[in-house]
Structures are given as structure tokens and as C-alpha cells.
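One structure is given here, and the rest of the page talks about it.
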């Protein structure tokens, strides 16, 4: 009786997964459904339940998907650098006044250093300086604004450049 129930449960689970996969208009690839990691990298463009299960197994194998996301390997995008964010926090905290003056003017050494820390290409720096100057009131919203608020506002502007 136990074997029958276990077999029925397994069959029901497989059929349920298969029906979900078949209900899509266009079959998704392993890379689309399972993400980056060893499974998405090795199997990539294959479709079907068996391939997706294998891709999921390979992604979970020894934590390679987590490693891939952290390092930007195995088909995962480049990670946002925690070190860069920390450098930005430290820089803004140490240079709040000079940065406020340069943002208000739209140019200056502290803006150049900020762009360097944020890894903004030379070609995009004039646009960044202009956007920062335009949004000065939003960045420095109060006289007692914290560096965390300034970094958050600057980071949002950097993402639009």
C-alpha cells in the first residue's frame, strides 16, 4: 500500500510539473528557467522537463550557482561590487561639503573622484555631472542630510546614466 501511494505521489508530481512546463506558449530554455550557474551554462538552450531538472541539479551541485552569482561567472552577470559601494560610502562621508559645492557647480575634483570610484566611463562623466547638478536639491535635501542619503540619491542617478 505504501509503495502504491508513493508511486502515485511521484506520478502526480511529475505530471503536475510537466503540465506547468507545457502550458507555456513558447518553451523556455534551461538558462531562462534555471538561471545562471553550471546547469544554465552547460545545458543552456535545451528545453524540456528532463533538461530543466538536470539544470537545476547542476546549479545546486556544491553551491556553484551562488558562487557564479558572486563572481559573475558561468553565465551570471557581473556582480555589483560591494567594495565599490563601501568606497563610495566612505568617500561621500569624508567629502560631503566639497562634493556639495562641486555638484552645485556641475564640475570639480570631487566629482571626478566620485566618477572614478563609481567606475563611470570618461564619455559619460559630463552627463553624470549635469544630472547631479540638476538634481542637487534632491541629493542635498536638507542642511543636515546624512551621507547615506546622499549616496542613495547619487546611486539612483548613476543607474540612469
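Percent relative contact order of the range 82-160, based on C-alpha pairs within less than 8 angstrom and at least six residues apart? It would help to have the intermediate numbers written out before the result.
Numbers: 56 pairs, mean separation 26.5, N = 79.
34 percent.
Over the Cα atoms of the range 82-160, what Rg and Dmax result, in angstrom?
11.1, 33
Throughout, read-outs are computed from the coordinates displayed, never taken from laboratory work. Here the structure is a predicted model, which is why all the values come from computation and not from measurement.
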